[in-house]
Amino acid sequence: LSVLNSSTKENINIGTIGHIDHGKTTLTAAITKILSEKKLANFVSYDKIDSAPEEKRRGITINLMHVGYSTDKRNYAHVDCPGHADFIKNMITGTSQMDAAILVIAATDGVMPQTKEHLALAKAIGVKHIVVYINKADLADNEMVDLVEMEIRELLGTYGYDSEQTPIICGSALAALEDKNEKLGKESILKLMDTVDNYVPSPERDIKSPFLFPIEKAVTVPGRGQVLVGTVTRGKLKKGDPMEIVGFGETIKTAATEIHVFKNSVSECSAGEHVGILARGIKPGMIKRGMMAAQPNSTVQSNFIEASIYVLKKDEGGRKKPIISGYIQPLLTKTCSIDCNLKIPEDRGMLLGGEHATINILLKSPMTFLEGDRFTIRETLTLTSCTGVVTKILP
Ligand code: GDP
Ligand code: MG
């Protein structure tokens, strides 16, 4: 199978989103079936996908199925979630951050509540590209399909996606799976994958944006100074470049005296690289976990953010009681821990385990966060009350 020796192709993460029963799982199975005929996938049956095994991430139980297949161009890792709750948890925990999503809409129903909710969440957490598949075309006439297409284009615009350029493919996943109506079935699947291949650009490391570097730790090198260790989030840094260290409302001016990759001194580093940076004039104790090094004047610090959160149930390691406004606990990212105060919207009142909400969070000090940053809120080492993703930096 070419899927087994195609390691030179790039990998793209995608998944199916959309309202329950609109055909996400049928479509996932149909894609593997049609591509298996070209020896680019192993066929994975509907039943296999829908009996997705339980995965535990950060204490949360998520049912989701990873299916792998290839086109002539790429390898795809595709996620299909059996239930709405699983979908929400998967998106918020970032178990599989999607480069693009296939939005499935049944022509028979049109836009439904979960269609909107999934699209809104996809946008909030940074899924950049959507390809739409209007399904169940075998049950709808052209007029219905046209109406649904108009409805979707409007919805895409509402949630900040390109309402005109987003491709829409129409077909029947069931027909493809059952080898019926070649035009609505097989051909629509081939067209869908061809569209995904061409419309979804290759994910790139962001080396153009200003340099940003969350500091994992600062190590004292005797006789030299402080070496900041971490992975470059975005941008480039050259030896000698000025930097600012930001966080907790502080801004410390410094410069990169030396850059190390493993044990070698290098002249520059860029996004994705794990490096050590010798920072001029920095004394032991000046760097706190949660600070970042950045190109001067390229970041903002704010103590107010909007986030999409999921509240863990008790049997997922969460708390017994609901969360109410004014709940104060440490918020943790990979490199930061800071006390925060949750502002639950008044119309929600409180949040119970298993619930999901978009809320505002007040931080104890101004920090640099990026949209899409993941975090947890932890009461003790064993109790994680929430998991979330930053959706906006508020003024
Ligand atoms: P999901 O909840 O979005 O994963 O939806 P499923 O894939 O489980 O499909 C829900 C139901 O719709 C199942 O009974 C499918 O057989 C049926 N279905 C899926 N695609 C089509 C289609 O193209 N045409 C018709 N007539 N039924 C379909
Ligand atoms: Mg399903």
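The values are calculated or read from the model by the stated rules, or taken from the named source; none is laboratory data. Please read these numbers as outputs of a predicted model, since none were measured by experiment. Ideal geometry is used to build each Cβ from the backbone, glycine not excepted, and the neighbour counts take in all protein chains shown. Each accessible area value is taken on the protein alone, full model and side chains, heavy atoms only, with ligands, DNA and RNA left out. Shrake-Rupley method; radii C 1.70, N 1.55, O 1.52, S 1.80 Å.
Somewhere in the range 46-57, is a residue more than 12 Å from ligand 1 (Cβ to nearest atom) and either of a type in the set (A, V, I, L, M) or modelled with pLDDT of 95 or more (or both)?
No, the range 46-57 contains no residue that is more than 12 Å from ligand 1 (Cβ to nearest atom) and either of a type in the set (A, V, I, L, M) or modelled with pLDDT of 95 or more (or both).
Output the residues belonging to the range 23-53 that are within 13 Å of ligand 2 (Cβ to nearest atom), under 22 Å from ASP99 (Cβ atoms) and hydroxyl-bearing (Ser, Thr, Tyr).
Correct list: THR25, THR28.
Do any helices (runs of 4 or more DSSP H) entirely within the range 1-94 hold 3 or more residues that are charged (D, E, K, R), and if so, which?
So the answer is 46-50.
Name the one entry in ASP99, ASP80 that is among the charged types (D, E, K, R), touching a strand residue (DSSP E or B) at 6+ places or on another chain (Cβ under 8 Å) and within 11 Å of ligand 1 (Cβ to nearest atom).
ASP80
May I ask you to say which residue of GLY126, GLY59, GLY83, GLY94 is open to solvent by less than 40 Å² (accessible area, probe 1.4 Å), touching a residue at least 60 places away in the same chain (Cβ under 8 Å) and within 15 Å of ligand 2 (Cβ to nearest atom)?
GLY83
How about the range 158-173: which of its residues are exposed (fewer than 14 other Cβ atoms within 10 Å of the Cβ) and either within 16 Å of ligand 2 (Cβ to nearest atom) or modelled with pLDDT of 95 or more (or both)?
ASP162, GLU164, GLN165
For a quick check of your reading of the model, give me the residue pairs whose first member lies in the range 329-345 and is among the acidic types (Asp, Glu), whose second is open to solvent by 30 Å² or more (accessible area, probe 1.4 Å), with beta-carbon atoms closer than 9 Å and at least 6 apart or on different chains.
From the range 329-345, the pairs are ASP339/ILE328; ASP339/GLN329; ASP339/PRO330; ASP339/LYS364.
Find the residue count for the range 39-56, including only residues that are open to solvent by less than 60 Å² (accessible area, probe 1.4 Å) and closer than 22 Å to ALA122 by Cβ.
The number of residues fulfilling the criteria is 3.
Find the residue count for the range 221-244, including only residues that are open to solvent by less than 80 Å² (accessible area, probe 1.4 Å) and not in a strand (DSSP E or B).
5
If we scan the range 192-200, do we find a residue that is open to solvent by less than 80 Å² (accessible area, probe 1.4 Å), in contact with a His (Cβ under 8 Å, 6 or more places away or on another chain), under 30 Å from GLU371 (Cβ atoms) and outside any helix (DSSP H, G or I)?
Yes.
So, in the range 64-80, of the ones that are open to solvent by less than 10 Å² (accessible area, probe 1.4 Å) and within 16 Å of ligand 2 (Cβ to nearest atom), which residue ends up modelled with the lowest pLDDT?
LEU64
Quickly run through the range 346-390 and pick out the residues that are in contact with a Gly (Cβ under 7 Å, 6 or more places away or on another chain), of a type in the set (A, V, I, L, M, F, W, C) and surrounded by fewer than 20 Cβ atoms within 10 Å (Cβ to Cβ).
Within the range 346-390, just LEU383 meets the criteria.
Could you check ILE20 against (1) surrounded by 20 or more Cβ atoms within 10 Å (Cβ to Cβ); (2) within 16 Å of ligand 2 (Cβ to nearest atom); (3) in contact (Cβ under 8 Å) with a residue 60 or more places away in the chain and say which number it fails?
Result: ILE20 passes all but (1).
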